[in-house]
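S.K.: What follows is a single structure, and I will ask about it in a moment.
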Amino acid sequence: MEKKKLTTAEILALARKEGALGSGSAGSPAPSEEAPEPVQPDAPQETAADAAPPSPPAGEKPKSTADILAAARAQGGGAAAPKEDAPAAAGKPAAKPAAPKSTADILAAARAQGGGAKPAGETSAKPKSTADILAAARAQGKGAAPAAKPAAAKAKPAAKGAAPAAPAGDRPSVQEMLAAVRKGGTPAAAGTAPKPKLPAKPKLPAKGKGKEIPRRSFFAAAGDLLLIPFNLAWLLMGAIGAIWSLAAARFMMPNMVVELPSRFKVGPPSDFPLGTVSEKYKAARGVWIVHTDQYNGENLIYALTAVCTHLGCTPNWLQAEQKFKCPCHGSGFYINGINFEGPAPRPLERVGITLAADGMLEVDKSVKFQEELGQWADPASFYEPV
Ligand code: FES
């Protein structure tokens, strides 16, 4: 007896039937084996509600693909079991039925059976892919023909109330639209003129992500500029002009030496004890304040200039030797200013000194008194303490 191959739909239907019997749900109706009338896909007036498959009874969940395939494998052996009886009765060794083992096997068998018995409700179109086969299996599980799905899918826009697309034959041609525009109308008024699309806004590059301009240092740029002879010549000419301008400005300013005033106060007479030489104003004013009684036995305070009468050097006061000593040529002067050694030809000179109204001794360097000229007798050349 020739072995009859089962299609996938038959395997799945048989699996569901067996599952329904095994589960004991006697009240649940078996899926209808009768195929509903195939719905024409091009019928736009049919709504989704009309084309939708009947909902399964309550309590029965649509099985998943894994469940369906597992049941199909389990039923593969069961469907072939009756066939094993015939060879056994004929005394032949029972041949093990060739049950599909895997999903690929089941699908291959289903494809191979595509030309044989077709499941109820399946259209003449042969399932091509795994998705189609599984979709057909699910649709059969729900009792609806696969052909009902496209019809329902096509009926959805009508159920949602969307405007049906105009048939291609209703669209005005280009010539008609141009004619409508020439007449003063718009292509939109002529019918289904496409809405012009606005050009897309160009995208600006993100900040900091564009091509960065390389920055050169100031010195590198200046060096490049100096390498050009024309620029170098202009630079040198500008520098020479600036120097001449500065020289002219300096020429317009007079040479002026800022000198201290010739009259200044040195303090009260009590600050200069008898027999002392004060060098407080030697560096700043160039004078010594001397209080001595070694000139003609008179107790006098006077101011001696710190200028050697030889060649103008500045002598030093030697306290231990009680004399002024010139470091240049060795001239020596007593405490009263009389020269006694060295090349100095004459005594040191005195400057004017008076007692101011405020009780301070005031020195006047603008007036000089020379001993060899008898000027030391002038009362303006000394102060005699009381
Ligand atoms: Fe003072 Fe010559 S300058 S000794």
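The values are calculated or read from the model by the stated rules, or taken from the named source; none is laboratory data. In this text the structure is predicted, and so the values were computed from the model without any measurement. No Cβ is skipped: glycine too gets one built from the backbone with ideal geometry, and neighbour counts run over all protein chains shown.
S.K.: Of the numbered conditions (1) at pLDDT 95 or above; (2) more than 16 Å from Gln322 (Cα to Cα), Pro254 satisfies every one except a single condition; which is it?
M.R.: (1)
S.K.: Please work out which one of (1) within 24 Å of Gly267 (Cα to Cα); (2) out of contact with any strand residue (DSSP E or B) (no Cβ under 8 Å at 6 or more places or on another chain); (3) within 13 Å of the ligand (Cβ to nearest atom) is the condition His310 fails and give its number.
M.R.: Result: His310 fails condition (1) only.
S.K.: Would you mind stating whether Glu372 is within 21 Å of Thr276 (Cα to Cα) and either away from the ligand (no atom under 16 Å from the Cβ) or not in a loop (DSSP other than H, G, I, E, B) (or both)?
M.R.: Numbers: within 21 Å of Thr276 (Cα to Cα): no; either away from the ligand (no atom under 16 Å from the Cβ) or not in a loop (DSSP other than H, G, I, E, B) (or both): yes.
Answer is no for this residue.
S.K.: I need every pair where a residue in the stretch 206-225 that is modelled with pLDDT of 65 or more has its Cβ under 9 Å from the Cβ of a residue that is assigned to a helix (DSSP H, G or I), sequence separation at least 6 or different chains.
M.R.: Sorted first by the residue in the stretch 206-225, then by its partner, the pairs are Arg216/Asp224; Leu225/Asn231; Leu225/Leu232; Leu225/Leu235.
S.K.: Would you be able to tell me the number of residues in the stretch 338-357 that are away from the ligand (no atom under 16 Å from the Cβ), touching a residue at least 24 places away in the same chain (Cβ under 8 Å) and part of a loop (DSSP other than H, G, I, E, B)?
M.R.: Step one: of the stretch 338-357, the residues away from the ligand (no atom under 16 Å from the Cβ) are 350-357.
Filter again for touching a residue at least 24 places away in the same chain (Cβ under 8 Å), leaving 350-356.
Narrowing further to those that are part of a loop (DSSP other than H, G, I, E, B): 356.
So the count comes out to 1.
S.K.: Further question on the same structure: With the checklist (1) free of Cβ contacts under 8 Å to residues at least 60 places away in the same chain; (2) within 16 Å of the ligand (Cβ to nearest atom) in hand, flag the one item Asp271 doesn't pass.
M.R.: Among (1) free of Cβ contacts under 8 Å to residues at least 60 places away in the same chain; (2) within 16 Å of the ligand (Cβ to nearest atom), Asp271 violates only (2).
S.K.: Does Val363 satisfy the condition of being more than 16 Å from the ligand (Cβ to nearest atom) and in contact with a helix residue (DSSP H, G or I) (Cβ under 8 Å, 6 or more places away or on another chain)?
M.R.: Values: more than 16 Å from the ligand (Cβ to nearest atom): yes; in contact with a helix residue (DSSP H, G or I) (Cβ under 8 Å, 6 or more places away or on another chain): yes.
Spelling it out, Val363 is indeed more than 16 Å from the ligand (Cβ to nearest atom) and in contact with a helix residue (DSSP H, G or I) (Cβ under 8 Å, 6 or more places away or on another chain).
S.K.: Would you check which residues across the stretch 284-307 are within 16 Å of the ligand (Cβ to nearest atom) and in contact with an Asp or Glu (Cβ under 8 Å, 6 or more places away or on another chain) and list them?
M.R.: Matches in the stretch 284-307: Trp288, Leu304, Thr305, Val307.
S.K.: Name every residue in the stretch 319-337 that is surrounded by fewer than 14 Cβ atoms within 10 Å (Cβ to Cβ) and either away from the ligand (no atom under 13 Å from the Cβ) or not in a loop (DSSP other than H, G, I, E, B) (or both), in order of residue number.
M.R.: The answer is Gln319, Ala320, Glu321, Gln322.
S.K.: Still on this structure: Looking only at the stretch 287-308, count every residue that is part of a loop (DSSP other than H, G, I, E, B) and at pLDDT 95 or above and tell me the total.
M.R.: Final tally of qualifying residues: 3.
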